[in-house]
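As structure tokens, the structure follows; a few thoughts come after it.
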Amino acid sequence: MTAAPSTWSPSSWRDRTASQQPDWPDEAALDAVLKQMGTMPPLVFAGEARALTTQLGAVANGEAFLLQAGDCAESFDAFGADAIRDKLKVILQMAVVLTYSSGVPTVKVGRIAGQFAKPRSSPTETIGDLVLPSFRGHLVNDITPTEAARIPDPNRLLQAYHQSSSTLNLLRAFTKGGYADLHQVHTWNQEFVASSNEGRRYERVADEIDRALRFMKACGIDTTTQPHLHEVDFFTSHEALVLGYEEALTRQDSITGEWYDCSAHMVWIGERTRELDGAHVEFFSGINNPIGVKLGPTATPEEALALCERLNPERIPGRLTFISRMGAAKIEAGLAPLLAAVRDAGHPVVWQCDPMHGNTFTAADGHKTRAFDDILAEIAGFFAAHASEGTWPGGVHVELTGDDVTECLGGAEEILDTDLGSRYETMCDPRLNGRQSIDLAFAVAELLRA
Ligand code: PEP
Ligand code: CO
């Protein structure tokens, strides 16, 4: 992208209404932290963000598929190498299933290394007899249900920056240092997955990949030195919600002079903050990263087109991803008019299905949950809408963990509402567990093949 509008600067969002921002109690303390962050090294490089735009351009052209996945909210408390590795493992497994079964390259983006801020439907929540300020993610406050823990603390911005930096460091080591090598395809299958039907189905794919690698070797190709087999491109993303944090990490690229939000390769605008004249759209209009916008069931074709014009006036393929999240019952009828309008306007957009956020409900025992069948049904409706409009179903966006949790209902292991309490560990929305994630990848691969 060339120059942003001449009125744009990393701080021009401050002249607009910014919804969902924390009520920081001490402006001076906040400013001191943001000033310090402005001098700290970027987490990602502009060139990496450009590489992701190029890969997403292939998705916009119908030549690749986008898998974006990770936590609803990352936690300062559950921070460790094993959790990062296990999340990466399940995403690599899903990507192998998708690529092998559909023959379409998979672009891999994590909701990781920065996914710390949460928009809330209400500024307060009631816990027992207490009415407390809502938990807004570890970037802002703590989940402990006390008045003190819920006070926004700007030092959390620094902690999030450092945790993102170590997470990225480990991800880079795993994906470029041999762990993501296709020769390792069997080792990504975790024990609790391997013993299940989905795990065995995955093992059969892994066996076939092994055979293909042996065949290439027998033909005289040294597969161990092929960078494409040895390394993986894995990108980071999060909802860029707290704009002060994002502004502080925005840098001008020394090569092109363009601005990039260097907190992640890709950032997105949530369903609650996508007003056209709001602060989030203003901030996103001037950064050159690949960006996403969530579109819920009330989104109109006019809004979608206006977002295209505002956020991708130069019509760069891969710059803009629309992430629909309408709910299984609404997706087919809700999405088709948006697809038609954007298609007819000739805007290159990546269409991605978030089958999670429109299908959340509260179970009888009080746990927030989602049914695996609703998740699959929304994805099927997404594919059906694209089939009827002649557009490309570009990807899926899911909340998952590598762990053996019981947060979403159903799936092959048939998690019941009475099971939810046994391993319910998420800090925010319910995530697919390792088995449900592999199952989902096979289902999506079948839809892609069809
Ligand atoms: C999310 O992705 O975690 C989220 C809050 O989504 P949405 O903005 O679509 O509700
Ligand atoms: Co969520």
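Right, Gly394: within 16 Å of ligand 1 (Cβ to nearest atom) and of a type in the set (Gly, Ala, Ser) or not?
No, not satisfied.
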Going through the stretch 269-317 one residue at a time, which ones are within 16 Å of ligand 2 (Cβ to nearest atom) and either out of contact with any helix residue (DSSP H, G or I) (no Cβ under 9 Å at 6 or more places or on another chain) or without any contact (Cβ under 8 Å) to a residue 24 or more places away in the chain (or both)?
Glu271, Arg272, Gly292
Of all residues in the stretch 383-422, count the ones that are of a type in the set (A, V, I, L, M) and part of a helix (DSSP H, G or I).
3
Can you tell me how many residues within the stretch 218-245 are more than 22 Å from Leu170 (Cα to Cα) and of a type in the set (Asp, Glu)?
1
Check whether at least one residue in the stretch 248-256 is within 16 Å of the chain's Cα centre (by Cα) and either buried (at least 23 other Cβ atoms within 10 Å of the Cβ) or part of a loop (DSSP other than H, G, I, E, B) (or both), and report yes or no.
no
Conditions (1) of a type outside the set (Lys, Arg); (2) within 16 Å of ligand 2 (Cβ to nearest atom); (3) in contact with a helix residue (DSSP H, G or I) (Cβ under 6 Å, 6 or more places away or on another chain); (4) more than 18 Å from Ile379 (Cα to Cα): number failed by Val405
(3)
Go over the candidates Ser6, Ser12 one by one and state the one that is among the polar types (S, T, N, Q) and either surrounded by 15 or more Cβ atoms within 10 Å (Cβ to Cβ) or farther than 26 Å from Ser254 by Cα (or both).
Ser12
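Please count how many residues of the stretch 169-204 are within 20 Å of the chain's Cα centre (by Cα), buried (at least 20 other Cβ atoms within 10 Å of the Cβ) and in a helix (DSSP H, G or I). Break it down stepwise before answering.
Step one: list which residues in the stretch 169-204 are within 20 Å of the chain's Cα centre (by Cα), which gives 169-172, 174-175, 180.
With buried (at least 20 other Cβ atoms within 10 Å of the Cβ) added as a condition, the list becomes 171, 180.
Going one step further and asking which of them are in a helix (DSSP H, G or I), we end up with 171.
Qualifying residue count for the region: 1.
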Within the stretch 363-378, tally of residues that are more than 16 Å from ligand 1 (Cβ to nearest atom) and either under 16 Å from Ser422 (Cα atoms) or assigned to a loop (DSSP other than H, G, I, E, B) (or both)
5
Could you check the stretch 205-228 and list, in sequence order, the residues that are surrounded by 16 or more Cβ atoms within 10 Å (Cβ to Cβ) and at pLDDT 90 or above?
Val205, Ala206, Ile209, Leu213
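Of the residues that make up the stretch 138-153, is at least one outside any loop (DSSP other than H, G, I, E, B) and either buried (at least 16 other Cβ atoms within 10 Å of the Cβ) or touching a strand residue (DSSP E or B) at 6+ places or on another chain (Cβ under 7 Å) (or both)?
no
The values are calculated or read from the model by the stated rules, or taken from the named source; none is laboratory data. Being a predicted model, the structure only gives us computed values, none of them experimental. Please note: Cβ atoms are built from the backbone with ideal geometry, for glycine as well, and neighbour counts cover all protein chains shown.
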